[in-house]
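Notes to accompany the following structure.
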Amino acid sequence: MWELHPSALGPNDGPFAIVGHSCALYPRLPGRDSDRGTPQSLSAVDTCSWDAEGRPPGSLQLGAQDRGPSCTPVQRVLLALTPTLEKLQEVKGRVLEALEQGLSRQSGARSTMQMLPTFICSTPDGTENGDVLVAELCQSHVRTLWVTLTGDGNQSPQLMYHVFEMPEDITQGSGEALFDFIAQCVKNFLEEIGNPQHRLPLGFIFPFSCRQTGLDKAELISWSKGFRCSDVEGKDVVQLLQAAISKQEVGAVWGSRLGGLPHAENLMVPRSGTNCCFMAESHLLEMAEVTSGRMCVNSEWGCLGDDGALDDVLTPCDHRVDQESSNPGERRFEKMVGSLYLGEIVRHAMLMLASEQALFIGRNTSILATKAVLTTQQVLEIMDNEDGMAKAQGILEALGLQPSERDCCRVQQLCRAVVSRAAALSAMGLAAVLSHMCRSRQLERLVVNVGVDGGLYHTSASVVGLLAPECAANLMPSADVSGLGAAMVTAVALRTVAQRNNMERLLAPLRLSRTDLQRVQALMRQEMERGLDRERNAESSLRMLPTYVCHTPDGTERGKFLALDLGGTNFRVLVVHVAEDNIDITNEIYVIPTAVMQGTGEALFNHIMECIMDFQMKQELMDQVLPLGFTFSFPCQQLGLDKAVLLNWTKGFSASGCVGQDVVQMLREAAQRKQHTALKVVAVVNDTVGTMMACGYHDPKCEIGLIVGTGTNTCYMEERAKVGTMDGDEGRMCINMEWGAFGDNGCLDDFFTSFDRLVDEKSINAGKQKFEKLISGMYLGEIVRQILLALVEEQVLFCGKSSHKLQNRDIFQTKFLSTIETPGLALVQVQGILSNLELDASYEDSVLVREVCQTVSLRAAHLCAAGMAAVVEKMRESRGLEQLTVTVGVDGTLYKMHPHFSRNLQQMLQELAPLCNVTFLQSEDGSGKGAALVAAVACRGADPSSPQ
Ligand code: 0WK
Ligand code: BGC
């Protein structure tokens, strides 16, 4: 008989265990309003009287104390089976402890909650589609399913299935026989529905605790629920089934091992056993070695209490059930909650009360010593408000117990108490899991769907709410989740693998190998050599501009100077007082509006003059003509310390009439236009030079200046003899490399990805500043945006849906990378950034976006390292040294603010230039101070361009 739709499945459709079993506080007893969660009352037990709504009187309220000797035996048993709310809170604390212990590698082995990684790192997003085969091992049968997902948000999965009854003894025989049987079922099922031509992914539901080392690799830890097949424990059950299937030559291929519920982050299934899985923060799941995102963890909470932690909840009945079980002392929690045991607990309670003459007085109750005479199904029937008493009568009579009405009433109370307790304990377990999730996600309030499989009893969200008030759990009871769930996990696994492959393919060109970086280093060196060579300078993409700064500060600089710092994120005007023992700086930040950056040169320098005059006004310097050092952070041909001709604009500047002009002259002309006489420019330097000088003041070994900010560039002290573009070979000269333009002659094109080309083509200086466009803050965000657009196109991100906002250039700012890559930043905050871009990002999307940011910023840091390795190696060789020890003065928002950039740069530099011991010294006051120091040297009458 073949069925086509899940609704055909009856609640008793095959008792099986998918790893994960649920619970319900105050199960939905017939005619009882479980949502109000009021417990039964003991006195009603004695008197068997229920109120109009079927609720018992209050004496058995949660927390009602054992009234000692005045308690009847029945009341004592029922009280023992009714944990108080306080007790549940207390036990919840122990479960939380066991849970967090289970997550840690160190203490995991000691925990009764094994917290087994499942390698399921994603939940369905509704785009899953295709055919999936599922084989499900249940308590007494194997079920095979064919699930067709249509990618319509999983609204209407098509499902066909068949149940194959298992031979009685197969659960006690050889493992090989069991897996051969399962494979045979799969084969029969496929032949029946017309063996598909295409290979099918298969999801295998194996409801026993396994150590999973991959989605399709799981080693059986131990059998339970009566299974005892030989030669399976410690083996990979996927391999065992694979081998059996190969023997059958069945077409199916592998998918995954576990089932789950769509759109839910927790799964609990109350079937023969009990268990819960949930999406844990991967970085907390130490055994999994996955640092980002989430992973479904199988808590195996059935073993709770195996260390005695539940001894104050366990009753004598529980101990007897355990002693009679096939695994005494193990899975104590499961034996209080799982359906396999509820009938047994009631049986032992009846046996105990009969021995105390409180039940079946004068009857032969020896039948009660027989295992499994009362099934959990019968317990459920006896609880029914409508015909529970009649059922009790019938069932107890069938056992030959000739029950009185009072007996029936008491047995009904026992059943209700046992099931209520199972529900209460599972709600407590769920509350512990929810509280952990809320805490580990740094949330005030957790709102989550919980998939509840198995209709044994219902978990009451309100009781979970009592025990975990900071969480709102939407319990989604569902029939037959396991089959569909397993298909879902398989489909999600295939989707995430496909997405991962697409992601790898798109990101691969951005992942530079050591060899790639050594090639960049060699190319940089080649371009440096050419740039310094008078003959070949024009061929090089590195201008290697002499700066007329021939030595770094020696500490004797003194005086008061004005300084300007133009070209970075902010335009700053500073007054710098260089004294013997310290340098005192006052500065003001001014904005250069884009319209001025991209207007006329005259307007730009007028604006600069207005800022200077505003500053002088505020600092009461209008009547002082202070020597001024001008940090002008653009490529300039330096013709003297105070004469620099702009070669081209970068970093979004394009003011007209400036290129080819002496920028100092332009400033002086602006001062004239403003009839401002208090301006005396004595030095103009690049920000790299200013930074080197500012750091050199504190560290004489500082002979390199590096900027990684809006733009990027480096200068260094080169041997004059090596500077072929200048006469003289004594001493050293600071060379402004203008490495931002490295590759403008095409030498870097192999490293330019399609994303980089898109960024370059859309920039105002296409084809220029190629190296800068791979590294600096002005462009990294834009590179990420281009990659995100491509990943949306490929259906890897945001379910293939982009947003208008994401179409806008520069909307994804580089500072987002620094935020998104901040260690420990909860990914929900990444989702926050993405939702501001109107992107409906799932948790997994945030993980992928973070990976894109990490890839782009790592490449930038490594390219910077390759460039710097070329510089320090050149210096070492130019100086004929075995080892070079040097300090790099560094500044720039990206270097300073990005959480990993500086470390990644320094680590790779060490690998690429092992003969150089390089220290990075962050400049505190920026290059304005450096400009003032250059001005100080200029004023000391010492010609800074003359070698010392
Ligand atoms: C601060 C320096 C300035 C330089 C800037 C670069 O004082 O000269 O231009 O760093 O970093 P950005 O502001 O572009 O991030
Ligand atoms: C400029 C350099 C400057 C660097 C850092 C580049 O765009 O060309 O002169 O040093 O940015 O600000």
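A compact table of results
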| read-out | value |
| --- | --- |
| For region 115-157, diffusion coefficient by Stokes-Einstein and Kirkwood Rh (Cα), 4 °C, 1.567 mPa s, µm²/s | 105 |
| Added length on full extension, which subtracts the Cα-Cα distance from 0.36 nm per residue, Leu915 to Glu233 | 240.1 nm |
| Cβ crowding within 10 Å averaged over residues, with 739-745, 400-406 ranked highest first | 739-745, 400-406 |
| Nonlocal amide H pairs with Thr569, under 5 Å, H built at 1.01 Å | Thr710 |
| Net lengthening on full extension, Asn129/Asp311 (0.36 nm per residue, minus Cα-Cα) | 60.7 nm |
| Burial ranking of peptide ranges 903-909, 328-334, 513-519, 416-422 (average Cβ count within 10 Å, highest at the top) | 416-422, 328-334, 903-909, 513-519 |
| Rg ratio (alpha-carbon, reference 2.2 N^0.38 Å) - region 782-839 | 1.08 |
| Cβ-based exposure ranking for Thr552, Thr490, Thr594, Thr855, in which fewest neighbours within 10 Å come first | Thr594, Thr855, Thr552, Thr490 |
| The chain - mean residue ellipticity at 222 nm from DSSP helices (-39,500 (n - 2.57) per run, n ≥ 4, rounded to 500) | -12000 deg cm²/dmol |
| Qualifying aspartates and glutamates (Cα of each under 16 Å from Cα of Lys801; at least 8 residues distant if same chain) | Asp125, Glu128, Asp152, Glu793, Glu838, Asp840, Glu844, Asp845 |
| Against the rule of thumb 2.2 N^0.38 Å, how large the Cα Rg of the chain comes out | 1.27 |
| Potential lengthening between Ser246 and Gln624 on full extension [0.36 nm per residue; Cα-Cα distance subtracted] | 126.9 nm |
| Descending semi-axes in Å of region 121-252, equivalent ellipsoid built from Cα gyration tensor | 26, 18, 14 |
| Contact order relative to length of the chain, as percent, for alpha carbon pairs under 8 angstrom and 6 or more apart | 12 |
| Greater than 32 Å apart at Cα, pairs in Lys722/Lys770; Lys874/Lys896; Lys618/Lys805; Lys770/Lys929 | Lys618/Lys805 |
| Separation in nanometres of the label points that stand 7 Å from Cα toward Cβ, at Lys801 and Thr586 | 5.7 |
| Cα gyration tensor shape for region 594-720, rounded if a/c is under 1.5, else prolate or oblate | oblate |
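Taken together, the values in this text are just the output of simple stated rules run on the coordinates, not laboratory data. Computed from a prediction, not measured in an experiment: that's the story for all the values here. Positions of Cβ are backbone-derived with ideal geometry, glycine not excepted, and every protein chain shown enters the neighbour counts.
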